[in-house]
Amino acid sequence: MNIKQLMKHNETYILLIILIFSAALTMINPVFLTLENMFDLLRSSSGTAILAIGVFLVLLSGGIDVSCTAIAIAGQYISVNVLIATGIDSIALAFLISILIGVSLGAINAVFISIFKLPTLITTLGTSSLYHGLLLEVVGTKAVNAGDLPESIKAFGKIEILTLTRADGSSYGLSIFFLILVILLLLTWFILKFTMVGRGVYAIGGNAEAAKRTGYNSHKIQFFIYCYAGFLAGVMGVMHISMIRYGNPNYLVGTELSVIAAVVLGGARISGGTGTLTGTMLGVILITILEKNLILMGLSSYWQQFFIGVVIILGVSITYAQNKFQARRNLSIGGA
Amino acid sequence: MSEVFLEAKHISKSFVGVKALDDVDLTIGRGEIHCLIGENGSGKSTLIKIIGGVHKADSGTITVEGKQLSGSQAIESIRSGVQIIYQDLSLFPNLTVAENISVNQMLESNQQTVQWKEVRETARKALEEIGEAHISLDERVENLSMAKKQIIAISRALTQNAKLIIMDEATSAITKEEVDHLFSIIQNLKKKGIATLFVSHKLSEVFEISENITIIRDGKKVGVYPTSELDHDRLVYIMTGRKLEAEPYVYDTKMKQKSPLLEVKSFSKELQYQDISFSLQPGEILGITGLIGSGRTEIVQSIFGLNPADSGTMYMNGEEVKISNPRDAIRHGIALLPEDRLNQGLFDAQSIGDNIVITILKNFLKKIGLLDTTKQKRSANDWIERLKIKTPDGNLPVNSLSGGNQQRVVLAKWLAINPKVFILDGPTIGIDIGSKHTIHDIIRDLAREGMGIIMISDEIQEVLDNCNRILLMSKGRIIKEIDDARTTTSEELYEIVTGAASAGVEA
Ligand SMILES: Nc1ncnc2c1ncn2[C@@H]1O[C@H](COP(=O)(O)OP(=O)(O)OP(=O)(O)O)[C@@H](O)[C@H]1O
Ligand SMILES: [Mg+2]
């Protein structure tokens, strides 16, 4: 690939921005560019990245999903409470329950979207509030302290797939979260690229009516998308609690905008049909760096919110402008 | 007729406020080449969508090889051997040429995974078969011209071992050469027992290819005739209930100004066209014709600022003007009706009326800055009437219109700005023969009122009937200028154009 081709890709630009930003941060604070900090960054952004994969899929199909965080917290909170109530201290069970909840709630989204043909934004806004409300009302609002948290969950968050030793003998390492993310990324990439359901996601995002006419089963594809997004949210829910070792049913909800911002920043078109997983991951990295370091730089979390807004608007405008520019170029060679 | 392949019986279908089909029958024999003819909005596409399982008929049955379709699933009709090229092409703009062509094959074989090698191979073969192997398999379809998009849609239908291929105006944007090639493919398919249902408003094509013609008018079947029993005039009469005759356009030389309305001097653009000079007087209808790649579309895009020329100057009323984008052009009173307008320039979900007046909204502003909606409605309704746009209500969304009627909305939108120079690139693509006359009459009226018109068309007859002066282009150059269209014939022009194209003149 030569430079000219590279410059056509959205990813190149985000990567450049990340590099410039990182260089600046390293100059202010040399600790930024250490392996330890990188590992830490990967660990803390894996959750957002996994949610972003789901949102990316939904965006690709021409929809939008704001319920992913509500699903994640529902999966997390219910599974942890089941573990505590039954006394079964098993991380596998936690994942299983959380994933089942995620898939079921995703399926409910799909029913509204695919069968009742409701707009995706309205649906997920509605179900998000519905899921969260039910969770607080039925399961409760009590926070789960580290002391009450099942051991297996706490232990899981500490697993490292690569451990390095510092000069003083203490150690740091690469979290298992990164491995989970990589596996989910590979799985999603494979589905999108090599299965008919995956191609169907692109197809309904590009031209839903044509997808129907060529014989894609739109219902099936939409159920897949929302159930898969629910599955990812379920995985993320358990990861999240094992990372922060504290459970609060009011966590996560409200951060979906950052996830969407990351995906949009990664070049996925809001109107559906285009975008890449690579772009999405770069978007997540950029958003995470922004969020973490704005606080380090002494800006309040309100400013952080403000910047997320700016990023979404900028991201959408840039993709929009690019498309327009390209459309114009194509027009001028229209006869060719 | 030989063995029956497909039979549609007593099909009726209503949309809100419109009875699109009323008890229509259609029978297609194995290997038969059948045409379906009717004016814009007569129900052709609706019938095709019902056959394809896209719409469900209110009543009636579709039987394929004796088996009745349930009528609500596209894949069922595809599996029974019916391939459809829809009027809007139904391509995926975000996907590559290869995937767009192979998608039917992928879906029909019911495989769960994608073999990319196979996908490319299928696409490559399909393009080769249709003689367009040069189209890049990896290009995204949204980056292709209208003509290429049609080629892709046709190729896609050919990848399947279909037994019936339905083409809903699949030839509206492609050139004569490509149509000829397509027809030889259709004849070959026929030998293999594959039938074709062909829809086109170009009656010459219909006569060339079909064996039988089903004519519908206002959603009702008028009759089915062997093509050999019809001639052009009779077909038009049955279809429209009117007799249509074309008279050449005569330019009133009294309208001539000292300096022309528009003058183009030595326009050149690398790889597109060379040394183009011509002028246009008020009241003139100047025709430009030539094969694809002749540079005709590129040159008018340059005049309109979409595709700025490398060198050359342009004058309006004797004064030099610089136009580097469409806004400049519109400010100088130049409008362009683009060639590719199937998907262009309409706000799908908005009303027909709003779409028409959107470019001239400022004309309806009252002093306090509010829109005078009564005036706006009246103006929209005027255009709906003038262009005979077929709709029960101008407030309906524009995507409820038939293909040809959507085109009229685009035309109305540009006419509404009342330009000084109006460039029409294929003004009657996809418009039925009766309405063509209406539109031609409107164009002539505009010219008589002093507008300068440039008309580009594939159909030499259309140029000949409506233009007083004609430029013939080939390979980026003007090869001949005909000052008085009345002095020539379409055969003569066709010979010049094709002759020049085959004689390797370098652009
Ligand atoms: N989705 C829809 N909603 C409402 N009305 C519709 C819809 N689709 C078609 N119609 C109406 O049905 C009638 C038949 O339309 P159809 O598209 O079948 O015409 P057509 O013969 O294909 O015309 P054309 O030559 O312009 O393509 C028209 O009056 C059209 O406005
Ligand atoms: Mg039609």
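The values are calculated or read from the model by the stated rules, or taken from the named source; none is laboratory data. Computed from a predicted model, the values in this text were never measured in an experiment. Because the Cβ atoms are built from the backbone with ideal geometry, glycine has one as well, and the counts that use them run over all protein chains shown.
Just one of (1) surrounded by fewer than 17 Cβ atoms within 10 Å (Cβ to Cβ); (2) modelled with pLDDT of 95 or more; (3) of a type in the set (S, T, N, Q) trips up B:THR27, so point out which. Going through the list (1) surrounded by fewer than 17 Cβ atoms within 10 Å (Cβ to Cβ); (2) modelled with pLDDT of 95 or more; (3) of a type in the set (S, T, N, Q), B:THR27 breaks only (1).
Listed residues B:THR122, B:THR96, B:THR63, B:THR113; which is out of contact with any helix residue (DSSP H, G or I) (no Cβ under 9 Å at 6 or more places or on another chain), of a type in the set (Ser, Thr, Tyr) and away from ligand 1 (no atom under 16 Å from the Cβ)? Talk me through it step by step, then tell me what you get.
Working: B:THR122 fails: out of contact with any helix residue (DSSP H, G or I) (no Cβ under 9 Å at 6 or more places or on another chain); B:THR96 fails: out of contact with any helix residue (DSSP H, G or I) (no Cβ under 9 Å at 6 or more places or on another chain); B:THR113 fails: out of contact with any helix residue (DSSP H, G or I) (no Cβ under 9 Å at 6 or more places or on another chain).
Testing whether each residue is out of contact with any helix residue (DSSP H, G or I) (no Cβ under 9 Å at 6 or more places or on another chain), of a type in the set (Ser, Thr, Tyr) and away from ligand 1 (no atom under 16 Å from the Cβ) leaves just B:THR63.
For first residues located in the range B:35-50 and farther than 19 Å from B:ILE433 by Cβ, partners that are within 8 Å of ligand 1 (Cβ to nearest atom) and of a type in the set (Ser, Thr, Tyr) and lie 6+ apart or on another chain with Cβ distances below 9 Å form the pairs B:THR46/B:SER402. If you go through the range B:43-90 and pick out every residue that is within 28 Å of the chain's Cα centre (by Cα), basic (Lys, Arg) and more than 9 Å from chain A (Cβ to nearest Cβ), you end up with 2. Kindly evaluate B:ASN399 against the criterion of being at pLDDT below 90, over 18 Å from B:ARG242 (Cβ atoms), within 14 Å of chain A (Cβ to nearest Cβ) and within 16 Å of ligand 1 (Cβ to nearest atom). For B:ASN399, the condition - at pLDDT below 90, over 18 Å from B:ARG242 (Cβ atoms), within 14 Å of chain A (Cβ to nearest Cβ) and within 16 Å of ligand 1 (Cβ to nearest atom) - is met.
The lone criterion from (1) more than 16 Å from ligand 1 (Cβ to nearest atom); (2) touching a residue at least 60 places away in the same chain (Cβ under 8 Å); (3) within 14 Å of chain A (Cβ to nearest Cβ) left unmet by B:LYS176 is number (3). Just to be sure before I move on: is B:ALA162 away from ligand 2 (no atom under 16 Å from the Cβ), closer than 29 Å to B:LYS13 by Cα and within 14 Å of another protein chain (Cβ to nearest Cβ) in the structure I sent? Yes; evaluated as a whole, the condition is true for this residue.
The selection criterion, being farther than 30 Å from B:THR175 by Cβ and in a helix (DSSP H, G or I), does not hold for B:LEU127. Contact map, the range A:308-323: first residue within 19 Å of B:ARG140 (Cβ to Cβ), second residue polar (S, T, N, Q) and at pLDDT 75 or above, Cβ cut-off under 6 Å, separation 6 or more or different chains; the map is empty.
So, of the residues in the range B:402-427 that are more than 25 Å from B:ARG327 (Cα to Cα) and out of contact with any strand residue (DSSP E or B) (no Cβ under 9 Å at 6 or more places or on another chain), which turns out to be nearest to ligand 1 (Cβ to nearest atom)?
B:GLY404
Looking only at residues of the range B:363-387 that are aliphatic (A, V, I, L, M) and over 14 Å from B:ARG408 (Cβ atoms), we find that the one that is surrounded by the fewest Cβ atoms within 10 Å (Cβ to Cβ) is B:ILE368. Only residues that are buried (at least 22 other Cβ atoms within 10 Å of the Cβ) and over 20 Å from the mean Cα position of the chain (by Cα) were counted across the range B:128-159, and they come to 1. Taken together, the criteria exclude B:GLU32 from residues that are surrounded by fewer than 20 Cβ atoms within 10 Å (Cβ to Cβ), more than 12 Å from ligand 1 (Cβ to nearest atom) and more than 14 Å from every other protein chain (Cβ to nearest Cβ). Only residues that are farther than 18 Å from B:ARG469 by Cα and either polar (S, T, N, Q) or at pLDDT 85 or above (or both) were counted in the range B:240-257, giving 1.
Of the residues B:GLN105, B:GLN68, the single one that is more than 16 Å from ligand 2 (Cβ to nearest atom), assigned by TED's automatic domain parsing to the domain that holds B:ALA173 and polar (S, T, N, Q) is B:GLN68. Considering (1) touching a Phe, Trp or Tyr at 6+ places or on another chain (Cβ under 9 Å); (2) within 14 Å of another protein chain (Cβ to nearest Cβ); (3) modelled with pLDDT of 95 or more, the lone condition that A:ALA210 does not fulfil carries the number (3). Those strands (runs of 3 or more DSSP E) of the range B:183-285 in which 1 or more residues are more than 30 Å from B:ILE303 (Cβ to Cβ) occupy B:195-199, B:212-217, B:220-226.
State all residues of the range B:459-468 that are surrounded by fewer than 24 Cβ atoms within 10 Å (Cβ to Cβ) and assigned to a loop (DSSP other than H, G, I, E, B); if no residue qualifies, say none. Within the range B:459-468, B:GLU459, B:ASN468 meet the criteria. Taken as a whole, the condition of being within 12 Å of ligand 1 (Cβ to nearest atom), away from chain A (no Cβ under 14 Å) and in contact with a His (Cβ under 8 Å, 6 or more places away or on another chain) applies to B:LYS13. Name the residue that is farthest from ligand 2 (Cβ to nearest atom), counting only residues in the range B:31-44 that are touching a Ser or Thr at 6+ places or on another chain (Cβ under 6 Å) and modelled with pLDDT of 95 or more. So, considering only residues that are touching a Ser or Thr at 6+ places or on another chain (Cβ under 6 Å) and modelled with pLDDT of 95 or more, the one farthest from ligand 2 (Cβ to nearest atom) is B:ILE33. Of all residues in the range B:288-307, exactly one satisfies the criterion of being more than 8 Å from chain A (Cβ to nearest Cβ), outside any helix (DSSP H, G or I) and closer than 15 Å to B:GLU270 by Cα, namely B:SER294.
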